[in-house]
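**Q** What follows is a single structure, and I will ask about it in a moment.
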Amino acid sequence: MFHDLAPAMLERMRVLEAQDARDRTDGTPHADRLRQIPPDTGRFLAILAASAPGGDWVEVGSGAGYSAMWLSLACKARGRKLTTYELSDKKAAMARETFRLAGIEPLVELVQADAFAELAKRQGLAFAFLDAERSILEPCYELILSRMVPGGIICADNVISHKHQIEDFLAKIPGDTRVDSVIVPIGSGVLVCRKPG
């Protein structure tokens, strides 16, 4: 997946990585920052997605579309399509630009809407990446898990860097018999849960 990245995608990744680095140091308001995953987390997620069973793939929190670029590599390898949800007008516009510039529009569908309401309409989910506000993490996890196929994978970002904001949720995961789970210390910390079956 990683050995033939298109020059257009590499350039868009470079641009977003540089902007993300600036956002973290130049006083950009928190809500306006890209706050995207690092490249190693992108590779990790792509490998996990490529290992998911048959079913639909979703992302909650498109941001500027950086993580979707990595996931699109798995989409291409597996013949899948990613549906990504974003509420912010500004970030949805950036994501659309990313998908156009990177040439991945056929592989990624952006839905600008409340992810929770949209996910309630879905079934047969096989892979989910949660990278939205921590306040909706647990409700999204529960909703997605209830609609996930056996063998399906849920990943959530920022579970080490923002552990203090989601302590109650994280405390429940090890005892959740509906999934096998592990926290991987990559990037800001990624929770990986797999539904047995």
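**Q** Below 27 Å, Cα to Cα, which lysines can K81 reach? Residues fewer than 8 away in the same chain don't count.
**A** Cross-link targets: K90, K91, K121, K195.
**Q** Less than 18 Å from a label point 7 Å out along the Cα-to-Cβ axis of R178: which backbone N atoms in segment 93-125 qualify, by residue?
**A** 116-125
**Q** Still on this structure: Considering the options Q123, I136, H30, tell which one lies farthest towards the positive end of the dipole of segment 7-194, charges being +1 on Lys and Arg and -1 on Asp and Glu at the Cβ, about the Cα centre.
**A** Final value for the positive-end residue is Q123.
**Q** What are the equivalent ellipsoid semi-axes of the chain, built from the alpha-carbon gyration tensor (square roots of five times its eigenvalues), in whole angstrom, biggest first?
**A** 24, 20, 16
**Q** Follow-up question, since we're still on this one. With springs only between Cα atoms under 10 Å, which of A31, A77, A46 fluctuates most in a Gaussian network model of the chain?
**A** Among A31, A77, A46, the largest mean-square fluctuation in the Gaussian network model of the chain belongs to A31.
**Q** So for segment 7-194: antiparallel DSSP bridges make up what percent, rounded to the nearest 5?
**A** If I count the DSSP bridges inside segment 7-194, around 35 percent turn out antiparallel.
**Q** Take the chain, connect every pair of alpha-carbon atoms lying under 10 Å apart with a spring to form a Gaussian network, then pick out the residue of V184, V108, V60 with the largest mean-square fluctuation.
**A** With Cα springs under 10 Å in the chain, the top fluctuation among V184, V108, V60 is at V184.
**Q** Build a GNM of the chain with springs between Cα atoms under 10 Å: which of A68, A49, A120 gets the top mean-square fluctuation?
**A** Result for the chain, Cα springs under 10 Å: A120 fluctuates most.
**Q** Also, quick follow-up: Within 10 Å, count the other beta carbons around each residue, average over each peptide in 6-16, 85-95, 109-119, and list them highest first.
**A** 85-95, 109-119, 6-16
**Q** Run the helix sum for the chain: -39,500 (n - 2.57) per DSSP H stretch of 4+ residues, divided by residue count, reported at 222 nm to the nearest 500 deg cm²/dmol.
**A** Mean residue ellipticity at 222 nm (helix-derived): -12000 deg cm²/dmol.
**Q** Using unit Cβ charges (K, R positive; D, E negative) and no other charged atoms, how large, in debye to the nearest 20, is the dipole of the chain about its Cα centre?
**A** 440
**Q** So how far apart, in nm, are the two label points at I160 and A21 if each is 7 Å from Cα heading toward Cβ?
**A** My value for the distance between the label points is 2.1 nm.
**Q** While we're on this one: Just for the Cα atoms in segment 1-77, what are the lengths along the principal axes, largest first, rounded to whole Å?
**A** Here the Cα extents, ordered largest to smallest, are 43, 27, 17 Å.
**Q** OK, next. At a 10 Å Cβ-Cβ cut-off, how would you order L71, L130, fewest neighbours first?
**A** By the 10 Å Cβ count, ascending: L130, L71.
FYI, it's all coordinate maths here, none of it is from the lab. Please read all numbers here as calculations on a predicted model, not as lab measurements. No Cβ is skipped: glycine too gets one built from the backbone with ideal geometry, and neighbour counts run over all protein chains shown.
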